[in-house]
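The values are calculated or read from the model by the stated rules, or taken from the named source; none is laboratory data. Nothing here was measured: the structure is a model prediction, and the numbers come from that model. As a convention, Cβ positions derive from the backbone with ideal geometry for all residues, glycine included, and neighbour counts pool all protein chains shown. Keep in mind that these areas ignore ligands, DNA and RNA; they rest on the heavy atoms of the full protein, side chains included. Shrake-Rupley method; radii C 1.70, N 1.55, O 1.52, S 1.80 Å.
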Amino acid sequence: MKLHTARFGEMDVTEERLVTFESGIPGLEHFTTYCLLPADDQDESPFYFLQSTEESGLCFFLADPFSFYPNYEVNLDDSTLAQLNLTDPAHALVLSILTVQGSLKEATMNLKAPLIFNTEERTGKQLVLKQEYGIKEPLLKQVNTEEAE
Amino acid sequence: MLVLGRKKGESIVINDEIELKIISIDGDTVKLGVEAPKNIAIHRKEVYEAIQSENKLAAMQEFSLEDLREFRKKTSS
């Protein structure tokens, strides 16, 4: 299908890349279909784009939180598993939303409310974790400290 | 909005499955106990609102793809 995006222009995407957020994403509840695009073709990068199929200007920038916070923990409760119809842990994908204001170096990551995907059924939802994680955690804590030294 | 007066130790029941109990009252702080089925998500409203506004902010940001390429070069080297 043809996808209109503000960032990448017109794209041709396969149905397998589409993800349904049944209840939308909090704050943007009206948009329920997105296209998950790895930031590079080799699928090796921890970065992804989540482009709305309904609104060309709506595009989230996501990253694998475990690449940046190795001790990060996400517990999927029964209700989330049921909502996403997630039965096999191998089909679960956890990605965090990044907020970039200015340069990428100052990007922050929302560890409190990661996006959970069922890669098999292509469904997703934003889960609010009970743990005391921050909504604006620095993406590059380690690099910043090294630079300060 | 339905407004009910409750004393410490008293509860209200919502839809036969959610119980909201007043645990303690101290000045302007009320401690609430919530008993609900596991599939009911319960959050402090300010946390939920902060997530909503962070999502809106994250959805509208501008940065160049060139920036991402540069960034990846730097972090992978």
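Things to note:
- The convex hull around the C-alpha trace of the protein assembly as shown, projected and averaged over every direction, spans 16.3 square nanometres.
- Using a 1.4 Å probe over protein heavy atoms, the accessible area lost on pairing A with B, summed over both chains, comes to approximately 2600 Å².
- Cα→Cβ-extended label distance, 7 Å offset, between residue A:16 and residue A:82, nm: 3.2
- Accessible surface of chain A, 1.4 Å probe, proportion on carbon and sulfur as whole %: 47
- Accessible surface area normalised per residue over the range A:1-47 is 58 Å², counting heavy atoms of protein chains with a 1.4 Å rolling probe.
- Pairs from B:8/B:45; A:112/B:31; A:112/B:56; A:112/A:136 whose Cα-Cα separation, in the structure shown, is over 19 Å: B:8/B:45; A:112/B:31
- 14 Å beta-carbon shell around residue A:125, net charge (K/R +1, D/E -1): -4
- In the protein assembly as shown, helical runs assigned H by DSSP with n ≥ 4 each contribute -39500 (n - 2.57); averaged across all residues and rounded to the nearest 500, the mean residue ellipticity at 222 nm is -5500 deg cm²/dmol.
- For the pair residue B:6 and residue B:41, a Förster radius of 25 Å applied to the C-beta separation gives a FRET efficiency near 0.60, rounded to the nearest 0.05.
- Spin-label pair residue A:23/residue A:66, simplified geometry with 7 Å Cα→Cβ offset, distance in nm: 2.5
- Largest GNM mean-square fluctuation among A:26, A:114, A:38, using chain A with Cα springs under 10 Å: A:26.
- Cα centroid separation - the range A:1-56 against the range A:60-135, whole Å: 16
- Per-bin percent of Cα-Cα distances, the range A:25-149 [5 Å]: 2, 10, 19, 23, 22, 14, 6, 3, 1, 0
- Distance (nanometres) between label positions extended 7 Å along Cα→Cβ at residue B:49 and residue A:2: 4.3
- Of all the options A:39, A:92, A:82, the one that moves most in a Gaussian network model of chain A with Cα springs shorter than 10 angstrom is A:82.
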